[in-house]
1. State whether the residues of region 445-459 include one that is aliphatic (A, V, I, L, M) and modelled with pLDDT of 95 or more.
2. Please enumerate the residues belonging to region 441-491 that are within 17 Å of residue 429 (Cβ to Cβ) and either open to solvent by 10 Å² or more (accessible area, probe 1.4 Å) or among the polar types (S, T, N, Q) (or both).
3. What is the one condition in (1) open to solvent by 60 Å² or more (accessible area, probe 1.4 Å); (2) within 24 Å of residue 391 (Cα to Cα); (3) modelled with pLDDT under 95 that residue 515 does not satisfy?
4. When residues of region 195-205 are filtered for being in contact with a helix residue (DSSP H, G or I) (Cβ under 6 Å, 6 or more places away or on another chain) and open to solvent by 60 Å² or more (accessible area, probe 1.4 Å), how many remain?
5. Listed residues 466, 433; which is on the phi > 0 side of the Ramachandran plot and among the basic types (Lys, Arg)?
6. Specify which of the listed residues (319, 345, 315) is under 30 Å from residue 464 (Cα atoms), of a type in the set (D, E, K, R), open to solvent by less than 60 Å² (accessible area, probe 1.4 Å) and in contact (Cβ under 8 Å) with a residue 12 or more places away in the chain.
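The values are calculated or read from the model by the stated rules, or taken from the named source; none is laboratory data. Note that the structure is predicted; figures quoted are calculated from it, not measured. Counting neighbours? That spans all protein chains shown, and the Cβs are built from the backbone with ideal geometry, glycine included. Ligands, DNA and RNA are stripped out before the accessible areas are found, and what is left, the full protein with its side chains, is counted by its heavy atoms. Shrake-Rupley method; radii C 1.70, N 1.55, O 1.52, S 1.80 Å.
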Amino acid sequence: MRRRAPSSSSSFLPLPAEDSPPIPERSSNLPAALILTLPPLYHRIMNERWTIMNNSASELDAKQQKSNKSCCNVLLWCILILLALLGVVAATMTVLYLNHYPLPFISRKQCFYLHPLTYVKPYFKENGALVTVSLGDGEPLSIYMDPNCPDYSNDFLRWEEVQNSLLSLLRNHNTDNWQERGLVQKLGEELKLLAGHAHSMRVEAETLKRGQNALMERINILQSEQSRISQLLSESQGGVSKVVRSVADSLHGLQRETESLRTMKTELQKPNDFRQTKGFRPQDCSELLDAGFTQDGVYSIFPTHEPRGFSVYCDMTTDGGGWTVIQRRSDGSVNFFRGWTAYRDGFGQVTGEHWLGLQRMFYLTGFGHSELRIDIADFENGTAYASYGLFAVGLDSVNPDEDGYVLTVDHYSGTAGDSLLKHSGMQFTTKDRDQDQSENNCAAYYQGAWWYRNCHTSNLNGQYLRGGHASYADGVEWSSWTGWQYSLRSSEMKVRPNKSPAPRSSASHSDSEPHPVLN
């Protein structure tokens, strides 16, 4: 019987069995020994061929499996690298977005921004700024706030969820390649860092959102304070201007006083000074002028009824000189709305604004041999004067204080017009001693002190109101020159003995001409 042939998966081909019939002869010429050796030789050759073929097939299968595995590794590496790049790009864009860097493919709204801007178009007009900060000479810095500021909390939460998902995927990824494991571990650490940064930024964003309302309230408070301060500054602007003018006038008065002191120093340094002569006691400035003192300044005089003497300011240049100044207004630095005692004894500095005092005026003029000159000026640099050939305070009075220091004045001449004759014969009135002919106190009503009748045509001791004023007749007034609503810039009353005294007039001065009347 013949053997069953092996299947195609066998590693060798079927060979003739040993008990099979002999192979037929191909040629009768072949030797018998050669014919007998052919079957074993054929068997060996075929086994060797099939062995070679099987080895080649195994090598091909191994190469194919290795090639497939390499392709899978390359694909996995590409996916991991792509994920890493996407994570880095996403993290970079998030950081840039949260730090308000402009992104060309993302339109965004800003809650706060400054003007001038370099990369964001303003959402408000210039006058819609929340806060505007002045930077000196530079352009003001304006801060704006968008009331519809978007809420980024949900975006931060979604970003954290994505990062957590990526971390979970990387943890679940198992591989035997040590390089791949290192890359996965590094990506995991980077994602953890990014997740921490995202969490921190979310917390900061929530904090800023919570603080927005508080900031708005504080800004509203600041705006209210700014409006209040602006209103106060606007209201006080006039007061500041008055203070500045007052300081300027004070400086002018100080300059005059300095010049006067310098003049006095020069006089004191004279070697043959008459004041060094024993027994020289001038009664007024005219005697000093007669003694050779020609410089304006402060001197000591010794009237007949005041042996102790007192200091006065002498005008040695105006209209022949020898004038003793008894009143001066120049800058408003001295308050003239005072009581009886102050006006009786005098106040102020003789080098500046002052009132010499009613008692001292009585010492100088009580005998009726003095003349008066009043120099006035307005704020437009206009000047005028009024002279009176007869002037006396408390004329022939035994007790002038009780008599009220009655004014006697007559014989007007000058350029300012007469605004004093109507007051002749009147007692002096202050806010605390009413001696006028009005039903009420003219001094209290017109904020001064004067020889009021009912009430005045002049008020040189009134308020220093600096020119035109809305109030009526309560400034430094000389009505015949500037009316009753213009306060003079300066006034100066001065007296000297009249070397050719005019006769006393017995005519009384009626109230036929208009003057302020207090009903």
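1. Yes, that holds for at least one residue.
2. 441, 444, 445, 447, 453, 454, 457, 458, 459, 461, 463, 474
3. Of everything listed in (1) open to solvent by 60 Å² or more (accessible area, probe 1.4 Å); (2) within 24 Å of residue 391 (Cα to Cα); (3) modelled with pLDDT under 95, residue 515 misses just condition (1).
4. 0
5. 466
6. On inspection, the qualifying residue turns out to be 315.
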